[in-house]
Amino acid sequence: MSVRTWCKRMAAKLGMGVGSGNPGRADAASAMGRRLRRKFILVAMGAVTVVLTLIIAGINIVNYSHVCKMADARLDYILAGKDGIDGEGEPKTGPGQDAVAGKVATGNRAAVRDVHFEGMTAESPFDTRYFTVSIAGGQVTDVNTARIAAVGAKRAARIAAGLYSKGWTSGFSGNYRYTATVQGDKTTYVFVDCSRELASFHSFLSASVAISCIGWLAVLAIVTVASGAVIRPMVESYSKQKRFITDASHEIKTPLAVIDAANEVQEIESGESEWTQSIREQVARLTALTERLVFLARMDEGSAGFTMATIDLSEAVDTAATPFESVAVSRGKRLSTSVASGVRAHADAAAVAQVVELLLDNATRYASEGSVIELSLRAVSRGAGKGSAELVVSNAVDELPEGDLDRLFDRFYRADVSRSSKTGGSGVGLSVVRAIAEAHGGSATVSGHGNQITFTVRL
């Protein structure tokens, strides 16, 4: 190689690290800030909504239970025969009555205080509005509406007959709380008017919902204003981190190019040796690492620049996988492919090829010695003309990593640091796989069974 040729190659390599700034970085940071603000507001308002809903529901459930309890106390009072008044306004006599009943009918307040049930007051027997209906043999035999003005005998009979036909013995029928007692073949329904209590309950429910909505809107306004101040330090830190990765990566490329070029000169002058070969391998490794770091940083900034088009996914996967047949053999493994024909997808062809290469590179490095690496591609239908492509790479390993396998997609995560160092892995390849899959609206997952590990990418 002439000096002139070497200089040209040197200049070309050095050019890789020049002018690599990202003019859209500020816009990307701003967009990320907006996304974080939206997420912060959604999470905060979601929590507020849950808390307010629980508070409103709890208060109104207790309030409704109180209405039911008071109504049931009045029903029990009536069934015990302690209202003391019959349909003609005279004291009642007969079973269930006691000496106090007559006093209640004549307005003896002391007697009322002596016999009141829980929740009943001295005025309760006098302001309770109720009616009764007796049914025997499926026919209405008696209707008493003397203590209520809003319901006539026909309507009362119709309400009770409807409940009797359904077999219902307690609950609400409109504004009336009812219960039924059975004596032989005779069923007696007692209905208590709860219109005032229910109106109060509904009024309180409406007021609590309205006040909560106003409070929710007030909290939304406060959170929206405060979210900017809360998110700003995170955005600045994140932006500095991404800028450091991008800038450092480009700064590293320059000395790497110099080292690689100097190594080539050394090989020209002294011949290739294990030292120059090791230098070349480590330079290639660092170059690949910096390129992947830059790619991930651009993915985070939303500026990866994919060229989306409808492609023949089967052909793209097959083309990218073919070179790894010999790579697998050189590493003591064997590659088996099963690629369905005619699978098409809206994707970036180069990105798809990168996914295949990274998965197979990972598999050929870490698969058990002498094992078979299986790669498959198939179309998965989701109905209504929709579907996805599923790329699966599976291989045997000496031992599955402990803990959550999904951590394998974390940047720089290594299940076995010593083994990863021997195989030359960088720990970011699978992160790139997941980033590409998600950028295509898909997903990347990992599962393990026995000593078999399987990576699945859906596009």
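The values are calculated or read from the model by the stated rules, or taken from the named source; none is laboratory data. Keep in mind it's a predicted model, so treat the numbers as computed, not measured. Every residue, glycine among them, receives a Cβ derived from its backbone with ideal geometry; neighbour counts consider all protein chains shown. What goes into the accessible areas is simple: the full protein's heavy atoms, side chains included, and nothing from ligands, DNA or RNA. Shrake-Rupley method; radii C 1.70, N 1.55, O 1.52, S 1.80 Å.
Applying a threshold of 31 Å to the alpha-carbon distances of Lys154/Lys186; Lys69/Lys154; Lys39/Lys253 flags Lys39/Lys253 as lying beyond it. Evaluating 6.51 cos²θ - 1.76 cosθ + 1.60 at θ = phi - 60° for every residue in the stretch 436-447, the Karplus couplings come out as 5, 4, 5, 5, 9, x, x, 8, 10, 10, 9, 9 Hz, glycine and proline recorded as x. Each other residue within a Cβ distance under 12 Å of Phe172 adds +1 if Lys or Arg and -1 if Asp or Glu, for a net charge of -2. Across the stretch 449-459, computed HN-Hα scalar couplings (Karplus, 6.51 cos²θ - 1.76 cosθ + 1.60, θ = phi - 60°) run 9, x, 10, 9, 10, 10, 9, 10, 10, 10, 10 Hz from first to last residue, x flagging Gly and Pro.
Other residues with beta-carbon under 10 Å from the beta-carbon of Val446 carry, at +1 per Lys or Arg and -1 per Asp or Glu, a net charge of 0. The accessible-area ordering, largest first, of the residues Met70, Met308, Met45 stands as Met308, Met70, Met45, per a 1.4 angstrom probe. Ordered from largest to smallest accessible area (heavy atoms of protein chains, 1.4 Å probe), the residues Glu264, Glu399, Glu325 come out as Glu399, Glu325, Glu264. Rg and Dmax of the stretch 306-352, both derived from C-alpha coordinates alone, stand at 12.6, 37 Å. For the residues Phe201, Phe306, a 1.4 Å probe over the protein chains yields an accessible-area ranking, largest first, of Phe306, Phe201. Lys69 sits with roughly 100 Å² accessible to a 1.4 Å probe, with DNA, RNA and ligands left out of the calculation. In this view, the solvent-accessible surface of Thr290, computed with a 1.4 Å probe and all protein chains in place, comes to about 10 Å².
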